[in-house]
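A short write-up of the structure that comes next.
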Amino acid sequence: MKRMQAVVDDEVVRRARGGDENAFRTLVETHSRDVFRLAYRITRNEEDAEDTVQETFIRAYRNLDGFEARANFGTWLYRITANTAIDLLRRKKRHEGRHTPLGEVQPGVAGAQEGLVFGHQVRERVDSALVSLSELERTAFVLRHCEELSLAEISSTLDISVSATKQAIFRAVKKLRSSLAPLRDVSRTTP
Amino acid sequence: MRHLEEQALILHHYGEGDDPALVERHLLDCKRCRDELDAIGRDLRDVGSIPAPERGADYGAEVWRAVAPRLAHRRSRRTWVLAAAAVVLTGTFLAGRLSTRLGSDIPQDEVRERILLVALGEHLDRSEVLLLEVVNTEKGELGQEAARELLRASRLYRQTAHQVGDIATGDVLEELERLLLDVAHGSTPSDTLKSRIRDRDVLFKIRVLQTNFKARGQLLAPQRF
Ligand SMILES: [Zn+2]
């Protein structure tokens, strides 16, 4: 997915900051689907993603005063989403030593369209590699790879250094690549 | 030849390399690194967009319905800010004391709200101490004068809370007010008073309020106070 598509009217944010509930409602209605998509990519689970969406808007509402007018509302909301999703996953892990069953992962849309066994295999491997990443690795990777945030933006979003951001992304890419490596050896004969 | 490391190639793929020109020069001369960059590109293309289930057009409205009832906190916080000025007028000594502690670059709304929060916090602290004394001492007449003083302030805060629709705070203040009234009159038997305080969990409720106020205070410029 690209960056948040919706161009948020500054006026709406300003009114929401002034305590106008309808303005905040507009923000929720505009951004929910994008927030859900990001939350799902980080949590890999619909229920967790739903919880993240709600928690994100509640946090956003409570912290509207901390939103600087110079910033982009969508980016600010993404920041809250990413951190809320990470918090939720860590909380869950503490509680239940969580492992997402692979069956929960949605089959890839692209793979299904091609209808190729190979495509499905790729999707499956990518999905299980994504699950095996740490929350931080996955979030940093998703923000770079899907949301196309810069390293500097990711580092400020996750409140870690740029070099820690790079390391998280490197580790993610390495794990994803090695999960695909076995398929490469097979596919070399069938381009 | 020293080849490029995988990390440098990954950064290059994402357009985030420290020295893209240097990498490009190397790639021109080195098939092995070019192949490696291609492989990275292919792998990351296969990773693709990481599909997520789509939500329908009315999803936003659905989220709003779930979230709206949980937004009361900020709503009351905002209105408390507006009401703060009135309350603060009655405690100008506090305003004076605090404005020297707060920097001049802080918005007036914030200053007012923090003054209110501090004043309310102190009020609850003093009420808590008084009620604890009542619970823990044998003699019943203790603290009548202090109770009368606290009663006046408590009424004011309770009226403000109800005016701004902060029902939760208003309710606790109302309960507190009833107990303070009992203490101030000195006519309720000591044991009855003690069990009223214990049975209604008033001390616990006061502590919850204090925790909330502290959290609100920290939300407003935590590093400055
Ligand atoms: Zn090379």
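The values are calculated or read from the model by the stated rules, or taken from the named source; none is laboratory data. These figures come from a predicted structure and were not determined experimentally. No Cβ is skipped: glycine too gets one built from the backbone with ideal geometry, and neighbour counts run over all protein chains shown. Accessible surface is based on the protein model in full, side chains and every heavy atom, while ligands, DNA and RNA are left aside. Shrake-Rupley method; radii C 1.70, N 1.55, O 1.52, S 1.80 Å.
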| Where a residue in region B:1-24 is closer than 17 Å to B:Asp35 by Cβ and its partner, wherever it lies, is open to solvent by 40 Å² or more (accessible area, probe 1.4 Å) and within 12 Å of the ligand (Cβ to nearest atom), with Cβ under 6 Å and at least six apart | B:Leu9/B:Glu36
| Qualifying residue in region A:81-104 (condition: within 21 Å of A:Glu153 (Cβ to Cβ), charged (D, E, K, R) and at pLDDT below 90) | yes
| query | Here are B:Ser195, B:Ser187: which of them is farther than 20 Å from B:Phe213 by Cβ and not in a helix (DSSP H, G or I)? | reply | B:Ser187
| field | Some residue of region B:56-78 being in contact with a Phe, Trp or Tyr (Cβ under 7 Å, 6 or more places away or on another chain), within 16 Å of the ligand (Cβ to nearest atom), at pLDDT 95 or above and β-branched (Val, Ile, Thr) | value | no
| message | I'd like to check which helices (runs of 4 or more DSSP H) are fully inside region B:1-61 and have at least 1 residues that are facing another protein chain (nearest Cβ under 8 Å) and open to solvent by less than 60 Å² (accessible area, probe 1.4 Å). | response | B:6-13, B:31-47
